[in-house]
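The values are calculated or read from the model by the stated rules, or taken from the named source; none is laboratory data. These numbers were taken from a predicted model, which means no experiment stands behind them. Glycine gets a Cβ as well: all are built from the backbone with ideal geometry, and neighbour counts include every protein chain shown.
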Amino acid sequence: MDGFPLSLINSDHFITRGISLNATIYGYNKVFTKQNAQALVMTSTGNPVISAWRFGLGRVISITTDNGNTWAREIYDRDNSKIISTTMNFAIGNPGKSDDIMIRDGETGVPLEISISSVNEPDLLFDGKPLQFEKIREEKYRATIILIQKVSMTFPDIQ
């Protein structure tokens, strides 16, 4: 069976940064990369295998080969599997930002503390208004809110 060697197309993306990929796949789903998506890994014939894009405030990834049972065993082996880990971390995490945000469950009418570890002072909105943070120590900020009704909290767009 003829295979399709894989190539990293963009080595500066969170998913591919620091990755070396030496894998051949033996099948893929024939798709096209969305207009606003970044093809990160492609076959030698130009078919996208891993792509990433934004949808609203979220991230979307597409892996267009199988789970390693039939076509893509080499992607999941010890030498290449980091690409799968970084792909999943990109989709579920907050990889480009070092902020650590802690918000516990709260109740209507009861003060709720928001703690953020950040190099810079946080710039967050609560119910459309800027939160007032106090610096409690180096790279640690705190704000208090009181939930009265259904509100929205906005985090800055993360690229």
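Figures for the structure shown
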read-out	value
Within segment 33-64, considering residues that are assigned to a loop (DSSP other than H, G, I, E, B), more than 20 Å from the chain's Cα centre (by Cα) and hydroxyl-bearing (Ser, Thr, Tyr), the one nearest to residue 7 (Cα to Cα)	44
Residue within segment 67-77 that is in contact with a helix residue (DSSP H, G or I) (Cβ under 7 Å, 6 or more places away or on another chain) and at pLDDT below 70 present	no
Residue within segment 3-14 that is in contact with a helix residue (DSSP H, G or I) (Cβ under 7 Å, 6 or more places away or on another chain) and outside any strand (DSSP E or B) present	yes
Residue in segment 67-78 that is in contact (Cβ under 8 Å) with a residue 12 or more places away in the chain, under 22 Å from residue 92 (Cα atoms) and not in a loop (DSSP other than H, G, I, E, B) present	yes
Scope segment 5-49; condition surrounded by 18 or more Cβ atoms within 10 Å (Cβ to Cβ) and under 16 Å from residue 77 (Cβ atoms); matching residues	6, 21, 23, 25, 41, 49
Selection status of residue 134, at pLDDT 85 or above, farther than 30 Å from residue 3 by Cβ and either in contact with a Leu (Cβ under 8 Å, 6 or more places away or on another chain) or not basic (Lys, Arg) (or both)	yes
